[in-house]
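Single-structure report; data block below.
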Amino acid sequence: MIEISREKNYLLLKYEPFKFTDPNWIDRELEAKAGEIRILHTFFLTKKDLDSDGVQIDFNDDREYTFKIGTLEGKYYKINKTILRLKHDLLISKEIKLTKRFFVAERNISVFRKIDELIDEAIIVGGEKENAIHPAEFERFLKIFPSTTEISHYAETRISRVLKDYFATMSDPEAKLNRYMAKKNSLKNNPSNQVLVAHELQKFQYIHDELSTMLTEADSYEEKTWQKKILAFVLFVFPKYIAVLENVRIKDFYTRLDKTTNRFVDLMLVDAKGSIDIIEVKKPFSHCIISSSKYRDNHTPRAELSGTIMQAEKYLFHLSKWGQAGEQEIYKKHKKELPEKFKLKITNPKALILIGRDDNFTSEQEFDFEIIRRKYANMIDIMTYDDLLCRLSNIIAMMKLKKLQVSRIKR
C-alpha cells in the first residue's frame, strides 16, 4: 500500500509491499544495475529518491520505504518529470490534500501520464499560475476518470472535455471531424463516388457515436459547453445552415410602451441564403418534455417544454416585427462571423427546439407528444435527442446502401 504525506519541504511517498511478496525485492532492485523500481505502474523511483529515514522494519520483518517525490518551491510542490514519466515537471499547489487516488486511477492507470499523453506543456494543479487547473475541476475530472468497464477508445475524448479549457495544446475530439472534412476536401480531383461516400459515412458515424456517448454523460456538462458541442453537430446534420450567431441582441417594441427593450437570443442560425432562424438547445434532462401522469386523459407539456416554446414564440414575434432594420443591425454586430457583404433576411423565421429524450415514452405519450409537435409545426420544430440520433442512423443506413450500390456498379 502507499501513502502520500508531507514533511518539512518535501512530499513523501510511503510504500509498504504486500505481505505475500518477497520483502527484499525492493532492496535488490534498487541495488541492481538499473537501480529503479516501479510502484503501481505510476511512480518510477531510484535509491537517490529514498528519504533520509530510509527503510523502517518492524518485528514482523514488515518493511516501509519512504521516498521523496516532491520538493516545495514557493507555493507549489514540484515533482520531477522522471518520477512520473512525464514530459515536464509537475506542479501541485501546497494547499491541496494529496492521496493515492490523486495519482493512480483504477487498474493502476497513471492519472498524470494519461493527461501528459494528450498535451505538450507542464501540468499545474491549483494555485494562481496561468493555465492552472482549479482543484474543484480536477476533483471532478478524477470522478469521471474512466472506470474499468469504460476504458476504451473514448477514454481520451472524455478526459479532454475537462482539460481543454486549461491547455492550449489540448487534442480534441472535434479535431477528428476536421480531419474527416479535410480529407473530403482533398478529394476534389478524385471522381470516385465510392471514396466520397466512404468519407461521408465515416463523418456521420463519428457524430452518431460521439452524440451517443455524450448522452450517457450529459450531467457532467455545463449548459454552454453542451450547446457548443451540439451546435457543431447540427451544422453537419442540417447542412442548409452555415453559421451560428451567439447572444444576438434584438429589439422588443411591445413589452413597454414608453421605451424599447433589448432582448438577447442565445443562438441564431443563418442559412446559405442569409435567412435567419432560431435554435434552442437544452440539456437532455429526464422527464422535461411531457407529463407521465394524465390530465383529463391527456399527457400535457411540462414546464420546461412549455416555457421554451413560449420563449421561442416571443423571439420570432419580435424578429418579424423588427424587419429590415433588424437585418441590418444584426449584420452590423456580427459581420465578422459572416462572409463579406453577406445579406441577412428576416423572412418568416422559424425556431428549432432540441430538448429531452423520448426513448422511454409509452405509446400514449408518443401520440400526445406528436399532437403537440404538429400544433406548432408551422413555426417551431420540436426535436428530441432521440430524434436526432434516429436521423443520424437513417443517414448512415442510406450511405451504407449507396456505398454498396457504388461497389456493385464498379464491379
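Just so it is clear, none of the values below were taken in a lab; they were calculated from the coordinates. What you see is a predicted model; the values in this text were computed from it and never measured. Every residue, glycine among them, receives a Cβ derived from its backbone with ideal geometry; neighbour counts consider all protein chains shown.
On the beta carbon distance between residue 28 and residue 80, with R0 = 22 Å, the FRET formula returns roughly 0.40. Applied to the stretch 96-106, the Karplus parametrisation 6.51 cos²θ - 1.76 cosθ + 1.60 on θ = phi - 60° returns per-residue 3J(HN,Hα) values of 8, 7, 9, 9, 4, 5, 5, 10, 10, 9, 4 Hz, with x for Gly and Pro. Computed from backbone phi, the HN-Hα couplings of the stretch 381-396 come to 9, 9, 10, 8, 5, 6, 4, 5, 4, 5, 4, 5, 4, 5, 4, 4 Hz, rounded to whole numbers (Karplus: 6.51 cos²θ - 1.76 cosθ + 1.60, θ = phi - 60°; Gly and Pro given as x). FRET efficiency for the pair residue 129 and residue 271, taken as 1/(1 + (r/R0)^6) with r the Cβ-Cβ distance and R0 = 51 Å, rounds to 0.70. Amide H to amide H, with H built 1.01 Å from N, residue 70 comes under 5 Å of 11, counting only residues 5 or more places away or on other chains.
Report, by chain and number, residues whose modeled amide H sits under 5 Å from the one on residue 275, excluding near sequence neighbours (fewer than 5 apart, same chain). The list, which skips near neighbours in sequence, is 345. Taking a quarter of the surface of the Cα convex hull of the stretch 86-141 gives a mean projected area of 4.0 nm². Using 16 Å as the cut-off for backbone N distance, which residues of the stretch 323-357 belong to the label zone defined by a point 7 Å from the Cα of residue 240 along Cα→Cβ? Backbone N within reach: 345-354. Taking the convex hull of the alpha carbon positions in the stretch 264-406 and averaging its projected area over all directions gives 11.7 nm². A simple packing score, the average count of other Cβ atoms within 10 Å per residue, orders the peptides 336-349, 270-283 as 270-283, 336-349, with the highest score first.
Fraction of C-alpha pairs exceeding 13 angstrom in the stretch 336-375: 72 percent, rounded to a whole number.
Relative protection proxy for 113-119, 128-134, from highest mean packing down: 113-119, 128-134 (other beta-carbon atoms within 10 angstrom). Taking R0 as 35 Å, what's the FRET efficiency between residue 97 and residue 335 from their Cβ-Cβ distance, rounded to 0.05? Using R0 = 35 Å, I get an efficiency of 0.10. Residue-wise HN-Hα couplings along the stretch 228-244, as the Karplus relation 6.51 cos²θ - 1.76 cosθ + 1.60 with θ = phi - 60° gives them from phi, are 5, 5, 5, 5, 4, 6, 4, 5, 7, 6, 10, x, 5, 8, 10, 8, 10 Hz; Gly and Pro carry x. Under 17 Å from a label point set 7 Å out along the Cα-to-Cβ vector of residue 253, the amide N atoms of the stretch 316-353 belong to 316-330, 346-349.
Given in Å, the Rg to one decimal and the Dmax to the nearest whole number for the Cα atoms of the stretch 174-393 are 19.3, 64. Pairs exceeding 27 Å between alpha-carbon atoms, taken from 129/282; 314/341; 259/345; 203/343; 259/283: 129/282; 314/341; 203/343; 259/283.
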